[in-house]
Structure formats: structure tokens, C-alpha cells
Amino acid sequence: QLDLPPGMHAAVGWSRDILRSNQAAGTVYALPAHAMALHARVAFGRFTEKRVQVAGGDLVYATLDAPHRATDAGIARWLTVGMGAVAQLFGKPPVSRTHLILQPHVSGRGRPIVYGRATLSGGPMIHVMLSGTTTDAEMPGEWITIHEMLHLGMPTTNLEDRWFGEGFVSYYQEVVRARAGILTPQQAWQNLHSWMERGRKSGGKATLAEESRLMNNRYAYHRVYWGGAALALKLDARIRRATDGRRSLDDVMRHLHDRFITPGTPIPALDLMRHADAFLGVDFCERMARDALRSRSFPDLRQVYAGFGLRVARGRVTLVGGAPLTHHRDAIMRPGGK
């Protein structure tokens, strides 16, 4: 229970104990054990929390006191569009209630959102630095908040498994935006290719496993995020091909979400890949992940590009017809992923 001065409020992701709150004539929070083991973001100040209803849940946000142009109506639209895109993957919001702290930032240097981070300590919380100069029209569909919302649907893994936690989220931040109509399929494929080229150029000195384990020490963010995303793309293509489009990486992500979403209980990412094999009835998910982790080279996507009809010239991606797997390529970016 928090004892705050008059007029002060707390923005936390913790669940409220309604019975004890009524008995105490104040707010009593029920913190699970993992609240003391994981990072958290909370805010204290003179603000009012506001709620945005979405299908399957709601979002509760607090905007800290600093100059900003975005209005509450614009913020509500931005959050609704973002969670709608994320629900394209999970079929619903990844959690029933998402808390957000919006921290206005002096300038975003042309970006509506400067920074974002999702934490799960005691409850789902997303901390977002919102550019103080951005307008309502510039916010819906930006990728940073969608990236962080996707994290809330991911199983908790160990720090050395950021190739999975960050990589698969990076892949889907572009996919779900295409499915929601924020991007065209061509724009989504172009974004994926451009980001993965940055990852390709930043790697090669160590294995993906080592870069993932030492990511913060070596600043190997592009290598880990987009090496993991490239693996996600390869897995998605392989699953769709092996099942003739009946299954995809989407089905794996929903299965892992439903079975392993318990916060504070880390599970090795390779174990998740083993569960993916068992769930799909195949034998290649874990093997492909192990091969990628042992390699110093960026995952080779030439076969995927050729099969999907993704032609690259001078860094520009063109979607061409007539390739054997264009139907899978188009399905990835289609609403529902089919």
C-alpha cells in the first residue's frame, strides 16, 4: 500500500486487491513474487490516469507533466491502432490490461516516439518517451510502441536469449503493421530487408549466441535483433512450406503465449523451439535455431527471397510474381496471416 501526499498519484502496473483496498479505505496492491525479481517502471506525480477500451481488454495510461502537443484523443487513437495491430498476431491483446507511462520528451528529432520499454514486474507496464513536438496525426502506427506491446505476449526467456525475445518481436513489428493496413506489403518487406541489412553489416565477428549473450556489452543490437528476425522469417517460410500453408509461425507464437506466458518464470528459448517442433509435428525449429546460434554469419535468406519472389536491386525490394512461394509471401502480410 502506498501512502502518498494529497494530490499525488502513482502509475504502476500492479493489480489492485479490491477487498483489502475497501477494508483499508485506500489502494492496496497485490504483488506476485516475481515483482521483486524483475525490472519495473513506475511513476509518481500529479497526473490522472486515463483508460482506453479495446476489444478484449483496455489500456490505462498516465501522461507525465511536461510540454507536449499530443492530445488525449490523439493518444487514445494511437494506442488503439497499436493494440489493434498487435491483436492481429495473438487474436486478442496479449494481456487484458496494459499500463503505460507516457513521458513527454523535449524533441523526437522527427520521430513521434523516442524510446520505449516493456516491463513485467508485478504487471505489464510500457514506458514510452513521447516527442513533445509530435502531433496526433503522426503517432498512429509508429513501430516502437507496437514493438513494446508485442513483448507483452512473449514468454519470459533468459537474457542470453534476446535473439528470440527481441528478434521475433522485430520481425512481427513489421508484419502486424502490414496486416493492420498501416503499411503496404511492399513497405513491410522493404523495412524488413533494410533492417536486416543493417544487422548483416554489423555482425560476423562472433556467433549469434555470443552476440546475444553479450549484446549490451558489445552494442550488438542490430546483429541480435535482426539476426533473430531473419531466423523468424526463415522459420515462418519453412513452416508454411512444410504444412502447405495450414500452419505458420503465428500458430507457434499463439501456442507459446497461451502455454508459457507466466511472468517471472524464464524458459530457455531453445526449449521453446523444441515445444514448437512438438506442437507442429515437425523436426526443424530447434535445429534451425541451433544452426543460426552457432554461426558467425548472418542467416542466409537467399533461398527465402527466391521462393517468395523478393527481388532486390540497389537496396530496393520489388515483389515479383511467378515465384513458387508467392502465395506464402502474400499470406504473411495479409490480415489473419493466411
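The values are calculated or read from the model by the stated rules, or taken from the named source; none is laboratory data. Keep in mind that this is a model prediction, so the values were computed, not measured. Cβ placement follows ideal geometry from the backbone for every residue including glycine, while neighbour counts extend to all protein chains displayed. Surface accessibility is based on the protein's heavy atoms, side chains included, excluding ligands, DNA and RNA. Shrake-Rupley method; radii C 1.70, N 1.55, O 1.52, S 1.80 Å.
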Which number do you get for Rg(Cα) / (2.2 N^0.38 Å) in the chain?
1.02
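Which order do ASP161, ASP283 take when ranked by solvent-accessible area (1.4 Å probe, heavy atoms of all protein chains), largest first?
So the residues, ranked largest to smallest area, are ASP283, ASP161.
With every protein chain kept in the model, how would you rank ILE267, ILE239 by accessible area, 1.4 Å probe, largest at the top? Spell out each step's value before the answer.
Numbers: ILE267 25, ILE239 0 Å².
Output order, biggest surface exposure first: ILE267, ILE239.
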Please compute the alpha carbon radius of gyration of the stretch 220-291, then divide it by the globular-protein estimate 2.2 N^0.38 Å. Two decimals is fine.
1.11
Just round it to a whole percent: the fraction of Cα-Cα distances in the stretch 278-338 exceeding 18 Å.
55
Between the residues LEU130, HIS255, TRP195, the Cα farthest towards the positive end of the dipole of the chain, that dipole coming from +1 and -1 charges on the beta-carbon of Lys, Arg, Asp and Glu, is from TRP195
Charges on Cβ only, +1 for Lys and Arg, -1 for Asp and Glu, centred on the Cα centroid of the chain; of GLY337, ILE75, SER121, which one is farthest towards the dipole's positive end?
GLY337
Other-chain or far-sequence residues with amide H under 5 Å of HIS105's (modelled H)
LEU130, SER131, GLY132
Roughly how many Å² of SER297 are accessible to a 1.4 Å probe, to the nearest 10?
80
Once the in-chain neighbours fewer than 8 apart are removed, the lysines whose Cα is under 24 Å from LYS205 read LYS234
What residues qualify as long-range amide H neighbours of TYR115, i.e. H under 5 Å apart, gap of 5 or more or another chain, H built at 1.01 Å from N?
MET129
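So for the chain, averaging the separation of alpha carbon pairs under 8 Å that are six or more residues apart and normalising by length, what relative contact order in percent results? Could you put the intermediate results ahead of the total?
Details: 644 pairs, mean separation 51.4, N = 338.
Worked out over the chain, it gives 15 percent.
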In deg cm²/dmol and to the nearest 500, what is the mean residue ellipticity at 222 nm of the chain if only DSSP H runs of at least 4 residues count, each as -39500 (n - 2.57), divided by the residue total?
-13000 deg cm²/dmol
Throw me the Rg/Rh for the stretch 135-263, computed over C-alpha atoms with Kirkwood Rh, two decimals.
0.97
Distance from the stretch 49-105 to the stretch 184-203 (C-alpha centre basis), Å:
27
About its Cα centre, what dipole magnitude does the chain give when the only charges are +1 on Lys and Arg Cβ and -1 on Asp and Glu Cβ, stated in debye to the nearest 20?
920
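Compute and list, largest first, the equivalent-ellipsoid semi-axes of the stretch 1-147 from the alpha carbon gyration tensor, each √(5λ) rounded to a whole angstrom.
Whole-Å semi-axes of the equivalent ellipsoid: 26, 19, 14.
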Helix by helix through the chain, keep the DSSP H runs that span 30 Å or more along the axis on Cα and average at least 1.6 on Kyte-Doolittle, and give those back in order.
none
Can you give me the long-range amide H partners of VAL54? Hydrogens built in the peptide plane at 1.01 Å from N, cutoff under 5 Å, separation of 5 or more residues or another chain.
LEU59
Rounded percent of accessible protein surface that carbon and sulfur make up, the chain, 1.4 Å probe:
51
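Could you tell me which trypsin sites (Lys or Arg not before Pro) in the stretch 1-96 are loop residues by DSSP with no more than 14 other beta carbons within 10 angstrom of their beta carbon? Present the calculation step by step, with values, prior to reporting the outcome.
Values: sites: ARG16, ARG20, ARG41, ARG46, LYS50, ARG51, ARG69, ARG77; in loops: ARG41, ARG46, ARG69.
Qualifying residues, ordered by number: ARG46, ARG69.
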Estimated vicinal HN-Hα couplings, Hz - the stretch 154-159 in sequence order (Karplus 6.51, -1.76, 1.60; Gly, Pro = x):
9, x, 6, 10, 6, 4
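Which value, in Å², gives the accessible area per residue of the chain when a 1.4 Å probe is used on the protein heavy atoms? Walk me through the numbers on the way to the answer.
Values: 15730 Å² over 338 residues.
Counting only protein heavy atoms, the per-residue value for the chain is 47 Å².
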Pull out the extension gain between THR184 and THR135, defined as 0.36 nm times the separation in residues minus the alpha carbon to alpha carbon distance; nm, one decimal.
15.4 nm
Cα atoms only: what Rg and Dmax, in Å, come out for the stretch 187-338?
15.8, 47
